[in-house]
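To start, the structure itself, in structure tokens.
The values are calculated or read from the model by the stated rules, or taken from the named source; none is laboratory data. Only a predicted model underlies this, so the values are computations on that prediction, with no experimental measurement involved. All Cβ positions, even for glycine, are placed from backbone atoms using ideal geometry, and neighbour counts span all protein chains on display.
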Protein chains: 2
Amino acid sequence: MTRIRMVGFDADDTLWRSEDYFHAAQSEFERIVAGYVDLDDVAARLYAIEKANIALFGYGVKGMALSMVEAAVQITDARIHARDLHRIVGLAKDLLQHPVELLPGVREAVEAVARDFDIVLITKGDLFHQEKKVRDCGLADLFRRIEIVSEKDTATYARLLEEFDCEAREFLMVGNSLRSDIAPVLALGGWGIHVPYHLTWTHETEADVAEGAPRLQVVERAGQVPDAVRAAARAASATARAS
Amino acid sequence: MTRIRMVGFDADDTLWRSEDYFHAAQSEFERIVAGYVDLDDVAARLYAIEKANIALFGYGVKGMALSMVEAAVQITDARIHARDLHRIVGLAKDLLQHPVELLPGVREAVEAVARDFDIVLITKGDLFHQEKKVRDCGLADLFRRIEIVSEKDTATYARLLEEFDCEAREFLMVGNSLRSDIAPVLALGGWGIHVPYHLTWTHETEADVAEGAPRLQVVERAGQVPDAVRAAARAASATARAS
């Protein structure tokens, strides 16, 4: 019989607030360069540089800050003052120090799912920063495994599921990113619960997930996740019986 | 009977060249700021800032580059030009792209040890960069586990050994850093083979390891590692028989 055995949770903007802080840093970046140039495409130019640098820097605050230094120099045609570039390093330090703030209802939702399923945390980004947030979040003990990875694509999920000794059809992933949490797990034959966040980095919205995809549910908030997991578990059992 | 069951290898400056590249980047940093100030303590001032930032940035190229931007601004009293600060981002990109160059004799030494022992790779630093180097090094398939950690202290080794289901007295670590590879493993009751590298970052030399510590051997080059591992294995068995 097929049943959902394991539930994975994304961390940034699924368990705790993250993109708000990046967004605030980006607004501050825009204010800094606005002292030199009057352009309306600063955000797009920054994103173009960030995206080009991902292959080298990976995800996370430090890579973002280095891309911001590069973007600020390019956008201002190198007229930006050293003190303003130094402020970008300060933005990175602030981001790395902000306290972990769980999203509403997350603690109860994770505890509820953990009562019925093995749960794992799968997050991407900077190892050092993610470890700090996991330590500080107060939920770490609930997770059977905590996996910090450099990219969340089908190859990564396939490797992790093999390590977990769990088949994709027995695995459900909860997260806010279609690109990183939902699309690769569905592609492998697993289940997804998409919990959109009010802010999403452009990069994470770039994904091919058909609306109404099988094995995918969309919920509005963490409090609805336990019921959605139970619904998926029932659907998984029904599929197994029918086949 | 006690026997050595598992051998861990450090990566940077144990398997492949790393500090040379950091050292070259630091020399370039010194040349950049020398255009603004005539000081003989630039390296010490950079290290002071890097060390203060480790708690926030962790190890690796990106944190180094952000510390360099901060140090350059401070050292030049913010007189440094944006183009020169941009060159520091370029130094980081160069470091992240350099090809993996195995040290002489490493391939044969690792293969020889792998014939008799389970071997694991334990490296600290930036997840994204270390994964890239592991992928590129051509030795990854020999290792039973590859662990990229944010800090190599006794707590980390204790956690890993529990995951490996290996007691400390059955574990030997090979590495170039007394602080990160040798001292914590000896402290737990394990074995160490120190292979000093001709360049060592100041940070990694800060360790308390008594000269002539039991269970520690020092060898000059990778080619001597397999014999040293065998010698440790014999000593471990002898200890077990005597006790």
Is it true that residue A:125 is surrounded by 22 or more Cβ atoms within 10 Å (Cβ to Cβ) and within 12 Å of another protein chain (Cβ to nearest Cβ)? yes
Checking residue A:109 against (1) outside the structural domain of residue A:190 (by TED's automatic domain parsing); (2) in a helix (DSSP H, G or I); (3) among the aliphatic types (A, V, I, L, M), only one condition comes out false. Which one? (1)
Pull out all pairs, ordered by first then second residue, where Cβ-Cβ is under 8 Å, the residues are six or more apart or on different chains, the first lies in region A:219-241 and is on the phi < 0 side of the Ramachandran plot and in a loop (DSSP other than H, G, I, E, B), and the second is of a type in the set (Gly, Ala, Ser) and surrounded by fewer than 17 Cβ atoms within 10 Å (Cβ to Cβ). A:221/A:105
Report yes if residue A:50 is within 14 Å of chain B (Cβ to nearest Cβ) and either not in a helix (DSSP H, G or I) or not aromatic (Phe, Trp, Tyr) (or both), otherwise no. yes
Working carefully through the options A:135, A:169, A:144, find the one that is within 14 Å of chain B (Cβ to nearest Cβ) and over 14 Å from residue A:11 (Cα atoms). A:144
Within region A:57-75, track down each residue that is more than 7 Å from every other protein chain (Cβ to nearest Cβ) and closer than 21 Å to residue A:121 by Cβ. A:59, A:60, A:61
In region B:86-106, residues that are part of a helix (DSSP H, G or I), under 17 Å from the mean Cα position of the chain (by Cα) and surrounded by fewer than 18 Cβ atoms within 10 Å (Cβ to Cβ) total 0
In region B:112-151, which residues are modelled with pLDDT of 95 or more and of a type in the set (Lys, Arg)? B:115
Inside region A:51-85, can you point out the residues that are under 19 Å from the mean Cα position of the chain (by Cα) and surrounded by 23 or more Cβ atoms within 10 Å (Cβ to Cβ)? A:57, A:58, A:59, A:60, A:61, A:62, A:63, A:64, A:65
Kindly indicate whether any position in region B:152-166 is at pLDDT 90 or above, surrounded by fewer than 22 Cβ atoms within 10 Å (Cβ to Cβ) and over 24 Å from residue A:147 (Cα atoms). no
Mind listing whichever residues of region B:81-100 are facing chain A (nearest Cβ under 9 Å) and acidic (Asp, Glu)? B:84
Failed item, numbered, when residue B:90 is tested on (1) touching a helix residue (DSSP H, G or I) at 6+ places or on another chain (Cβ under 7 Å); (2) assigned by TED's automatic domain parsing to the domain that holds residue B:23: (1)
Can you tell me which condition residue A:76 does not meet? The list is (1) modelled with pLDDT of 95 or more; (2) in contact with a Lys or Arg (Cβ under 7 Å, 6 or more places away or on another chain), and all the others hold. (2)
From B:7, B:33, which residue is surrounded by 15 or more Cβ atoms within 10 Å (Cβ to Cβ), within 14 Å of chain A (Cβ to nearest Cβ) and modelled with pLDDT of 95 or more? B:33
Hey, residue A:136 hits all of (1) part of a loop (DSSP other than H, G, I, E, B); (2) surrounded by fewer than 16 Cβ atoms within 10 Å (Cβ to Cβ) but one; which does it fall short on? (1)
Please state which of the following conditions residue B:78 fails to meet, knowing it meets all the rest: (1) farther than 21 Å from residue A:96 by Cβ; (2) of a type in the set (A, V, I, L, M); (3) touching a residue at least 12 places away in the same chain (Cβ under 8 Å); (4) facing chain A (nearest Cβ under 9 Å). (3)
Do we have any residue at all in region A:183-192 that's assigned to a helix (DSSP H, G or I) and surrounded by fewer than 18 Cβ atoms within 10 Å (Cβ to Cβ)? yes
Against the conditions (1) crowded, with 24+ Cβ neighbours inside 10 Å; (2) over 16 Å from the mean Cα position of the chain (by Cα); (3) at pLDDT below 95, where does residue A:177 fall short? Just the number, please. (2)
Pairs please, first residue from region A:112-126 and assigned to a strand (DSSP E or B), second anywhere and polar (S, T, N, Q), Cβ atoms under 6 Å, 6+ apart in sequence or on different chains. A:123/A:130
